[in-house]
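A.B. asks: Here's a structure for you.
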Amino acid sequence: MKNIVKGVLLASVLISQQALALTLTEARQQGRVGETLSGFIAPVKQDKETLALVKSINEARSENYQKLADSNNISANQVAELAGQKLVARAQAGEYVRGINGQWMRK
């Protein structure tokens with residue numbers, strides 16, 4: 001079951017990002033957003049455009065996490081935490097990630 005959750009999780013996160021992939025990629029590359037261990041992105045910069053992107057991406061992720069949780073009889077928080085670990089690990093060099101201490105760092 002764990003492998004199923006991982007596979008579905010990664011697929012759903014990628015699908016949710018594809019709708020805004022270019023924008024999300026640009027925001028990451030520009031240091032405007034970063035991944036967190038919670039499974040959601042957070043703004044590094046606080047401008048209107050970045051905040052709107054963060055809200056949109058996180059809403060889509062939340063919906064996907066809930067669907068995965070429902071289909072695997074686990075909590076949405078468990079799905080989000082698993083996704084967060086994977087997304088932080090997959091962040092590209094130069095992108096921001098928020099550490100367990102709550103501080104931003106560049107990979």
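A.B. asks: How many residues does segment 35-60 contain that are of a type in the set (G, A, S) and under 20 Å from Q78 (Cα atoms)?
C.D. replies: Here is the first cut: in segment 35-60, the ones of a type in the set (G, A, S) are 38-39, 42, 52, 56, 60.
Pick out the ones that are also under 20 Å from Q78 (Cα atoms) and you get 38-39, 42, 60.
Looking only at that region, the number is 4.
A.B. asks: Output the residues belonging to segment 9-32 that are buried (at least 18 other Cβ atoms within 10 Å of the Cβ) and at pLDDT 90 or above.
C.D. replies: L24, A27, R28, R32
A.B. asks: Okay, next question. Could you grab me the full set of residues in segment 62-78 that are closer than 25 Å to T23 by Cβ and surrounded by fewer than 17 Cβ atoms within 10 Å (Cβ to Cβ)? Step through it out loud before you land on a result.
C.D. replies: As a first pass, look at segment 62-78 and keep what is closer than 25 Å to T23 by Cβ: 62-68, 76.
Within segment 62-78, S62, E63, Q66, K67 qualify.
A.B. asks: Among the residues of segment 64-95, write down those that are more than 12 Å from the chain's Cα centre (by Cα), in contact (Cβ under 8 Å) with a residue 40 or more places away in the chain and over 16 Å from Q29 (Cα atoms).
C.D. replies: Step one: of segment 64-95, the residues more than 12 Å from the chain's Cα centre (by Cα) are 66-78, 92-95.
Pick out the ones that are also in contact (Cβ under 8 Å) with a residue 40 or more places away in the chain and you get 67-68, 71-72, 74, 92, 94-95.
Scanning segment 64-95 gives K67, L68, S71, N72, I74.
A.B. asks: Hey, another quick one. Given E81, E95, E35, E59, which one is in contact with a Ser or Thr (Cβ under 8 Å, 6 or more places away or on another chain), acidic (D, E) and either crowded, with 17+ Cβ neighbours inside 10 Å or at pLDDT 95 or above (or both)?
C.D. replies: Values: E95 fails: in contact with a Ser or Thr (Cβ under 8 Å, 6 or more places away or on another chain); E35 fails: in contact with a Ser or Thr (Cβ under 8 Å, 6 or more places away or on another chain); E59 fails: in contact with a Ser or Thr (Cβ under 8 Å, 6 or more places away or on another chain).
Being in contact with a Ser or Thr (Cβ under 8 Å, 6 or more places away or on another chain), acidic (D, E) and either crowded, with 17+ Cβ neighbours inside 10 Å or at pLDDT 95 or above (or both) holds for just one of E81, E95, E35, E59, which is E81.
The values are calculated or read from the model by the stated rules, or taken from the named source; none is laboratory data. Here the structure is a predicted model, which means the values were calculated and not measured. Please note: Cβ atoms are built from the backbone with ideal geometry, for glycine as well, and neighbour counts cover all protein chains shown.
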